[in-house]
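Shown next, in structure tokens, is the structure this report addresses.
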Amino acid sequence: MIYCNYCPGYCCYRLEGSTLLLTATDINRMARHLGISDGEVRSRYLENKYTFKVKTDGSCIFQAPDRMTKRCTIHEARPDQCRRFPYDKPCPYLHSEDLLAQIQPRIEKSLHQAWGKPD
Ligand code: SF4
Ligand code: SF4
């Protein structure tokens, strides 16, 4: 989606009850991109068999903390679920005040910390 280029990546934050599901193909694609083995991807970046670790604010471990846009640091090798979302529908994050209210403060805090500004 073209509008993803101008978005801080709301969908890269874990919400209660949601999970980013990874496949073996996803893991192998990341391994080749990062120049490490599938096993190393699993041990370094996965929380369990099926999903990434997240940072304390719930953001994906691969999300850059210091940018407003293009925050996925493995964009070329991102998982299929990230590629497909929002499944040719309007992005729910850009239409739901509730979703934005949950995530926008986390994004602002991340940027303040990365840029050395007080909370
Ligand atoms: S899918 Fe939606 S929330 Fe995710 S980057 Fe694109 S516009 Fe932002
Ligand atoms: S892999 Fe990239 S696009 Fe997918 S959730 Fe993580 S930061 Fe977002």
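Please treat every number below as a calculation from the coordinates, not as lab data. Only a predicted model underlies this, so the values are computations on that prediction, with no experimental measurement involved. For neighbour counting, all protein chains shown are included, and Cβ atoms are generated from backbone atoms with ideal geometry for every residue, glycine included.
So is Pro65 out of contact with any His (no Cβ under 8 Å at 6 or more places or on another chain), outside any helix (DSSP H, G or I) and either within 16 Å of ligand 2 (Cβ to nearest atom) or in contact (Cβ under 8 Å) with a residue 40 or more places away in the chain (or both) or not? Before the answer, list the steps.
Working: out of contact with any His (no Cβ under 8 Å at 6 or more places or on another chain): yes; outside any helix (DSSP H, G or I): yes; either within 16 Å of ligand 2 (Cβ to nearest atom) or in contact (Cβ under 8 Å) with a residue 40 or more places away in the chain (or both): yes.
Spelling it out, Pro65 is indeed out of contact with any His (no Cβ under 8 Å at 6 or more places or on another chain), outside any helix (DSSP H, G or I) and either within 16 Å of ligand 2 (Cβ to nearest atom) or in contact (Cβ under 8 Å) with a residue 40 or more places away in the chain (or both).
I want to confirm something. Restricting to region 79-119 and keeping residues that are assigned to a loop (DSSP other than H, G, I, E, B) and in contact (Cβ under 8 Å) with a residue 40 or more places away in the chain, which single residue is farthest from Glu16 (Cα to Cα)? Talk me through it step by step, then tell me what you get.
The first filter runs over region 79-119 and keeps only residues assigned to a loop (DSSP other than H, G, I, E, B), leaving 79, 85-91, 95-96, 115-119.
After this cut, where a residue has to be in contact (Cβ under 8 Å) with a residue 40 or more places away in the chain as well, the list is 79, 85-86, 91, 115.
Values: Pro79: 20, Phe85: 18, Pro86: 18, Cys91: 18, Trp115: 28 Å.
Result: Trp115.
In contact with a His (Cβ under 7 Å, 6 or more places away or on another chain) and more than 17 Å from Tyr10 (Cβ to Cβ): which single residue out of Ala31, Ala77 fits that description? Step through it out loud before you land on a result.
Details: Ala31 fails: in contact with a His (Cβ under 7 Å, 6 or more places away or on another chain).
Testing whether each residue is in contact with a His (Cβ under 7 Å, 6 or more places away or on another chain) and more than 17 Å from Tyr10 (Cβ to Cβ) leaves just Ala77.
When residues of region 60-77 are filtered for being within 12 Å of ligand 1 (Cβ to nearest atom), closer than 17 Å to Leu22 by Cα and in contact with a strand residue (DSSP E or B) (Cβ under 9 Å, 6 or more places away or on another chain), how many remain? Explain how you work it out, then say what you get.
Pass one, region 60-77, residues within 12 Å of ligand 1 (Cβ to nearest atom): 60, 63, 68-72, 75.
Adding the requirement that they be closer than 17 Å to Leu22 by Cα leaves 60, 63, 72, 75.
Next, from what is left, pick out any that are in contact with a strand residue (DSSP E or B) (Cβ under 9 Å, 6 or more places away or on another chain): 60, 63, 72.
Here the count works out to 3.
Can you pull out every residue in region 1-37 that is among the β-branched types (Val, Ile, Thr) and either farther than 19 Å from Lys70 by Cβ or in contact (Cβ under 8 Å) with a residue 60 or more places away in the chain (or both)? First the steps, then the outcome.
Within region 1-37, the subset among the β-branched types (Val, Ile, Thr) is 2, 19, 23, 25, 27, 36.
Answer for region 1-37, where residues must be among the β-branched types (Val, Ile, Thr) and either farther than 19 Å from Lys70 by Cβ or in contact (Cβ under 8 Å) with a residue 60 or more places away in the chain (or both): Thr19, Thr23, Thr25, Ile27, Ile36.
Would a scan of region 40-47 turn up a residue that is crowded, with 17+ Cβ neighbours inside 10 Å and within 16 Å of ligand 1 (Cβ to nearest atom)?
So far as region 40-47 goes, no, none of its residues is crowded, with 17+ Cβ neighbours inside 10 Å and within 16 Å of ligand 1 (Cβ to nearest atom).
So, of the residues in region 42-94 that are in contact with an Asp or Glu (Cβ under 9 Å, 6 or more places away or on another chain) and of a type in the set (D, E, K, R), which turns out to be nearest to Cys4 (Cα to Cα)?
Ranking the candidates gives Arg78 first.
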